[in-house]
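Take a look at the structure set out below.
The values are calculated or read from the model by the stated rules, or taken from the named source; none is laboratory data. This one's a predicted model, so the numbers in the text were calculated from it and none came from an experiment. Here the Cβ is made from the backbone with ideal geometry for all residues, glycine too, and neighbour counts use every protein chain on show.
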């Protein structure tokens, strides 16, 4: 069950999307993945009795990555698996991702396709903001995109903030993510901000038309058409109320794209409104 800070939207954007951080559940899940690819005979084996795969990997990681002295291997109490586990659970969040990339690249006889598939499955399930792409772990949401969300949250009206917080919470809910309603909340945030600009309770499409026809804000026709088209796949003639709950292909990427796009559009409209003397 989500905690108070998650339900009420008080967690920072980066923490909600698990950017530049890692909770215990994600760390344990990633370790269990690595454990599943290691020979079970290595789990309790002292260095001299480990498999060739483990010996190769522990030597390489000591020499090329950790820069530690190799004489550790010849101490009677040296158990490679335990050493790897100790490091994994005590290192920084970003070093966990380093370790996973090293394991992917260096562990002998690893089924790399299966490992990438399994790793991405865990990252997706745990709502981490990273994925394996082309043999490297990459961030799904850039600093610029996070800034747009944070800026819209910090500098909009209360109703807009509520919609954006709900969108963020719904897409980052690990137990029961709701991408369709997350997208609806993102669009509702834009609609709410447009109501502030026009001073009327109109649908999003009607608001954009009024903003353009009344020259409240000078929107470039191509920009207005582009956003209208993006919103169109969630809309009917009356706005954003229908259809998404039956859409089978919505995913985290769809929801985060709409949250970022809507946040950026709100920030754009706010700057334009301020220049027009409306804010």
In the stretch 19-41, anything at pLDDT 95 or above and at positive phi is listed as none
Of everything in the stretch 135-166 that's touching a residue at least 40 places away in the same chain (Cβ under 8 Å) and within 13 Å of the chain's Cα centre (by Cα), which residue is surrounded by the fewest Cβ atoms within 10 Å (Cβ to Cβ)? 139
What's the number of the only condition in (1) at pLDDT 90 or above; (2) more than 22 Å from residue 16 (Cα to Cα) that residue 164 fails to meet? (2)
Let me confirm something: among 83, 101, 95, 46, which residue is surrounded by 12 or more Cβ atoms within 10 Å (Cβ to Cβ) and in contact with a strand residue (DSSP E or B) (Cβ under 8 Å, 6 or more places away or on another chain)? 101
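Can you confirm whether the stretch 69-76 contains a residue that is at pLDDT 95 or above and surrounded by 14 or more Cβ atoms within 10 Å (Cβ to Cβ)?
Checked the stretch 69-76: no residue is at pLDDT 95 or above and surrounded by 14 or more Cβ atoms within 10 Å (Cβ to Cβ).
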Looking for whichever is closer than 30 Å to residue 15 by Cβ, outside the structural domain of residue 175 (by TED's automatic domain parsing) and assigned to a helix (DSSP H, G or I) here; the options are 83, 95, 53. Which one fits? 95
With 184, 210 as the choices, which residue is modelled with pLDDT of 85 or more and in a helix (DSSP H, G or I)? 184
